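Taking it in order: structure first as structure tokens, then the write-up.
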Amino acid sequence: MSKILNRSLKKSEELWNEACNTILSGCQLYSKGPETHIKGVSPIYIEKGKNAHVWDPDGNEYIDYDMGLGPILLGYCYDAVDDAVLKQMRKGMGYSLVAPIEVEYAKLCIENIPCAEKVRFLKTGSSATEGAIRIARAFTGKKHVIRGEYHGWHEWTTSAESVRQGGIIDEVRNYVHKFEYNDFTALEKLFEEYKGEIAAVITEPVIMDKPENDFLNKLKNICESNGALLIFDEVVDGFRFSIGGAQKYFGVTPDLATFGKAAANGMPLSIIAGKREIMDAVDKNIFISTTFGGETLSLAAGIAVIKELKEKDVTARIWDLGKKIQENSNKLAKDLDVPIELKGYHCRMAFDYKDYTGQRDWLYNSIFMQECVKRGVLLGWGIFPCYTHTDDDIDFTLNVFEDAMKVYKKALKSGHPETFMEGTPLKIVLG
């Protein structure tokens, strides 16, 4: 049985009140804001981290599974990465000319990522997907884009959503078409409706659901037969599924791919990787230029990450930890007769919360997450095992999950689960 911690969140609350008066929306990423956690029960801020543990400003310690929303692949303050960054810092983080380290990292990307024959470095996943779409439109001479789930905050992806539409030009929506993963019939209809006008299909190679009926190969074939480019958004998948990303894991090579998040274990670095033919064709015709694209500290971190992936059992360890969490969590849920399931691949998972009729509600997520954080386990939108999660961490977590499931079951059986909330239920947000 796990123990409910005696915690204060006073400093977190004070900081948030100040942030609301000084920062647009109070934070830089909506998914990190208090609406996505249990305000009043969850900490709003993290002050420091080490390996798979984090501490809030009030000194409370948690085992983290959101891992910065995916970037922390190896662990917080991972020595090999930090040492590489500090060594580079003593040389400088940016110069008036190009730094040699850009070439070193580019060669490592090309060596390990199947679609990478040439690369371009940026700072965020959004920037990378924006650049990839610009490359695709320039290469094909076409305007329309078919997109999957969330691909960033820029116009061509946000315009296909239903919230936060301020400042977006209406005409942009005419060229962006959304589809659901595994729905190949919908894709065929879009290619038929906009015949000869599709520049690219951009999708995550996988989120939670497995590709069905050879979906990824069929996606590649329909793009090829219609003169469109296939772009894999591997901002989340990349370096988690394997050193070459999900494309290497599934054996399907896209025309272009974007990487970010885990590329530099938390340092800001993203990658556009693509076939030489495409990159060379658009080289003199597109504008992708940014001062900090070649910032050397993040590149040093990226090199250190790839070296760790090549030299240590990082990938296998992450998958083994994920398997242990998933199998035992789902066994607990079954044994306790609780309608919760941990879905996805072992390197990238998420809980599916339901009631006994099969309905989903964000209230259910909130109850479980609340009970976990009270006991020292911090959850977010995903479960991302990192290399420095320990077996003891997992055992502790499974005890917490068991107790949280028991409360969850009582809440559902009560007929009034809302009465089990001690804080504000979370909301789903875009971004």
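A few remarks follow.
- Test: G49 is in contact with a strand residue (DSSP E or B) (Cβ under 7 Å, 6 or more places away or on another chain), under 20 Å from W381 (Cα atoms), surrounded by 14 or more Cβ atoms within 10 Å (Cβ to Cβ) and free of Cβ contacts under 8 Å to residues at least 40 places away in the same chain: yes
- Residues that are out of contact with any Phe, Trp or Tyr (no Cβ under 7 Å at 6 or more places or on another chain), at pLDDT 95 or above and closer than 30 Å to M93 by Cα number at least 1 in the following strands (runs of 3 or more DSSP E) confined to segment 194-283: 229-234, 256-259, 270-274.
- Residues (buried (at least 17 other Cβ atoms within 10 Å of the Cβ), touching a helix residue (DSSP H, G or I) at 6+ places or on another chain (Cβ under 8 Å) and closer than 17 Å to I198 by Cα) located in segment 143-158: H144, V145, I146, R147, W156, T157
- If only residues of segment 10-29 that are closer than 21 Å to V429 by Cβ, out of contact with any Gly (no Cβ under 7 Å at 6 or more places or on another chain) and touching a residue at least 24 places away in the same chain (Cβ under 8 Å) are counted, the one that is surrounded by the most Cβ atoms within 10 Å (Cβ to Cβ) is S12.
- Some residue of segment 94-103 being touching a Phe, Trp or Tyr at 6+ places or on another chain (Cβ under 6 Å) and either of a type outside the set (F, W, Y) or not in a helix (DSSP H, G or I) (or both): no
- Reported count of residues in segment 124-157, each being under 15 Å from I272 (Cα atoms) and part of a loop (DSSP other than H, G, I, E, B), is 3.
Residue by residue, here is whether (1) of a type in the set (A, V, I, L, M, F, W, C); (2) more than 18 Å from D237 (Cβ to Cβ) holds:
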{"position": "M67", "(1), (2)": "yes, no"}
{"position": "Q88", "(1), (2)": "no, yes"}
{"position": "P114", "(1), (2)": "no, no"}
{"position": "G148", "(1), (2)": "no, no"}
{"position": "E155", "(1), (2)": "no, yes"}
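- The residues listed here are I46, I23; of these, the one that is among the β-branched types (V, I, T) and closer than 25 Å to D395 by Cβ is I46.
The values are calculated or read from the model by the stated rules, or taken from the named source; none is laboratory data. These numbers come from a predicted model, not from an experiment. FYI the Cβ positions are ideal-geometry reconstructions off the backbone, even for glycines, and counts take in every protein chain you see.
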